[in-house]
Amino acid sequence: MLFGALEAGGTKMVCAIGNENGEILDRVSIPTETPEVTLPKLLEYFQGKEILALGIGCFGPIDLNESSETFGYITTTPKLAWANCDICGYFRENLGIPVGFDTDVNGSLLGEATWGCLKGLDTAMYITIGTGVGAGIMAGGRLQHGMLHPECGHMLLPVRSDDHYAGKCPYHGTCLESMAAGPAIEARWGQKAETLYDRPEVWELEAHYIAVAVVNFIMILSPQKIVLGGGVMHKDGLIEMVREKVTRLAAGYIQTKELADMDSYLVLPSLDDNQGIMGALKLGMDRYQQERK
């Protein structure tokens, strides 16, 4: 059986064809321009591929409430050309197949939970730290949505006393994304993150803010494992610094076998950066099974 997968990002759209085993058989990358320019290119890729369903992991915010008139839409995104875009409806209408839909970071979580390091767990998190910060949450074996979907990147954080950066978020000032995403690193230090790898003070502060957020997530959600992905986490040694700070900040309050083995608890992605497209594939597979019932 063949399924389509679309990882819809703000700078590029990754399209792929795969099978029920999670094997990616073909893929292309298409620049994200306006919907009028980009959507027909995506459609052309999927047409004639004999896919049974399409899964979309999408930047947001998006509407995941199936009783809503705007279910399947990209809604109040800062990527203004895509605001109020019925991305699911476009593919349902033009391909005539089921379309699964969720956030891009929930897609990455689903990829890891199906074929990667989160397999077999029922409560877990995937946090991506890159151009922005987002998180996918799985509880009781189900991706969590609620009234919208988790917006963990906008968790408010206390500012460390020696940090005089005012934050970048126009809504919340000193939220996690505003203090720890790639653009925040550049704004605080005056250089892009990849040019700062030899500056230990940059990464000590970065690890601090990530660790504060992770400890908050541990206390609120009690996940069995947390994955830290995204471009910022490519910095060698950063994951080890975060683990050390999480252990110290948690202060021994929670005594579990998971937290006793921090190297296995707080981890990097395990699917060679394919977790997002593989998760989108699984979204399509799940929607196909759901509509067959």
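Quick notes
- Between the range 240-293 and the range 123-179, the alpha-carbon centres lie 16 Å apart.
- At an R0 of 25 angstrom, the distance between the Cβ atoms of A187 and R248 translates into a FRET efficiency of 0.35.
- Shape annotation for the chain: C-alpha extents along the principal axes are 56, 41, 35 Å, from largest to smallest.
- Order by protection proxy (mean Cβ within 10 Å, highest first), peptides 213-225, 139-151, 46-58, 279-291: 279-291, 46-58, 213-225, 139-151
- Charge tally for F46 (other residues, Cβ to Cβ under 15 Å; Lys, Arg +1; Asp, Glu -1): 0.
- Coupling constants for the range 271-277 follow from the phi torsions by the Karplus curve (6.51 cos²θ - 1.76 cosθ + 1.60, θ = phi - 60°), and in residue order they are 10, 6, 6, 9, 4, x, 6 Hz; glycine and proline get x.
- Rounded accessible area per residue of the chain, 1.4 Å, Å²: 47 Å²
- The number of Lys pairs in the chain with C-alpha atoms less than 23 Å apart, excluding pairs fewer than 8 positions apart on the same chain, is 25.
- Semi-axis lengths, Å, the range 111-246, gyration tensor of Cα atoms, sqrt of 5 times eigenvalues: 26, 17, 13
- DSSP-defined beta bridges in the chain - what % are antiparallel, rounded to 5: 60 percent
- Compactness of the range 24-64 as Cα Rg over 2.2 N^0.38 Å, two decimals: 1.30
- Ligands, DNA and RNA left out, the 1.4 Å accessible surface of the chain is 51% carbon and sulfur atoms.
The values are calculated or read from the model by the stated rules, or taken from the named source; none is laboratory data. Treat the numbers as computed from the prediction; the structure is a model and nothing was measured. Note that each Cβ is placed from the backbone with ideal geometry, even for glycine, and that neighbours are counted across all protein chains shown. Side chains are part of the model used for accessible areas, which takes the heavy atoms of the whole protein and leaves out ligands, DNA and RNA. Shrake-Rupley method; radii C 1.70, N 1.55, O 1.52, S 1.80 Å.
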